[in-house]
Every structure is written in structure tokens, then in C-alpha cells.
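Have a look at the structure below before the remarks.
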Amino acid sequence: MTMKLELLVLPVSDVDRARAFYEQAGFRLDLAKDVTDGYRVVHLTPPGSEASIIFGTGLTTAEPGSAQGLYLVVADVEEARETLLGRGIEVSEVFHDGKGLFFHGHDAGDVVHDGPGQERIAGPHPERASYGSYATFSDPDGNGWVLQEITQRFPGR
């Protein structure tokens, strides 16, 4: 059986502001529809992605900004960071985990997932190892995104 992640629901407080942010970040608008009074949907897709995001009114009771650790895989984290900065999006400096394994989380708002097994070090991974370099950003509500550089996938991925 094959299962593919297709859609993530993001909790936002201001639909128009969130839409403007994600379009500014380069996400493609797939749908924007007022379905009924109190039910509004905006559906966007990151560049090159098969999975999308959706937000609106009447979609979720989750607290705006509570979606954390949302990963966007990129071939070159420094280039992706510069592209987002050029679009007016605030992005952290590139960093890597000194323990060499995994980074989970982001550094915006009150939610930080830097666990005791992590050591956040400035700059890309010294060997530019796949899965090893990161940058973070958040939408206006604080939903937290991680850019992760992957140049060669693990077998079976």
C-alpha cells in the first residue's frame, strides 16, 4: 500500500494576511473560496511540492501558530534562504546540528524544540552532508517552518 502526505491544515488568525505571506514566499495559489458564511478555504502549494497547505475559517479549532516543525526540503539551503529573504520573508541564519543527526523545531515564538540531544551551530554542515543544514522561518501567526538541505536521499526514500 502507498500513502502520500497530501495536505496540511494550518491554524491562522487572519486568512488574508496568511495568504499574502505564503504567496510572497512563492507558494502557488490553488484555491481561494468562500464556501459558506463562516467557512472559507485557501489552498496553496510550495514550489515543486506534491504536498500542499490549507487554511481558512471553519477548518480547525487548533490555536493559530500551533503548527510547528513543518519541513520544506531544498537542494541548497543557502540559496533557498536568499530567495526567501529576497521575497521579504524573515529567515534564520543557516545552521547545522553539532551532534550530526537531526534538528526538530524552529526558533520563533514561544515554542522551541531544541532537545538536549541537539547542538545548534552556525553555518551549514561542514561537509555539506545531506540532511545536515537548516534554516527556519515562521508565518505571521508563528507556524514554524524548517528548510532542510537534502542533496542525496537515504535509500528507499
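The values are calculated or read from the model by the stated rules, or taken from the named source; none is laboratory data. Just so you know, these numbers come straight off a predicted model, no measurement behind them. Please note: Cβ atoms are built from the backbone with ideal geometry, for glycine as well, and neighbour counts cover all protein chains shown. Note: accessible area is taken over every heavy atom of the protein model, side chains too, but ligands, DNA and RNA are not part of it. Shrake-Rupley method; radii C 1.70, N 1.55, O 1.52, S 1.80 Å.
Structure notes:
- Residues that are touching a Leu at 6+ places or on another chain (Cβ under 9 Å), exposed (fewer than 12 other Cβ atoms within 10 Å of the Cβ) and in a loop (DSSP other than H, G, I, E, B) are absent from segment 6-26 altogether.
- Screening segment 61-76 for residues that are out of contact with any His (no Cβ under 9 Å at 6 or more places or on another chain) and open to solvent by less than 40 Å² (accessible area, probe 1.4 Å) and picking the one that is farthest from residue 149 (Cα to Cα) gives 65.
- So residue 30, is it open to solvent by 50 Å² or more (accessible area, probe 1.4 Å), touching a strand residue (DSSP E or B) at 6+ places or on another chain (Cβ under 7 Å) and at pLDDT 95 or above: yes
- Residues satisfying the criterion are absent from segment 53-60 (criterion: open to solvent by 70 Å² or more (accessible area, probe 1.4 Å) and either out of contact with any Lys or Arg (no Cβ under 8 Å at 6 or more places or on another chain) or modelled with pLDDT of 95 or more (or both)).
- Selection of segment 1-52 for residues being farther than 21 Å from residue 74 by Cα and among the small types (Gly, Ala, Ser) yields 13, 18, 20, 32, 38.
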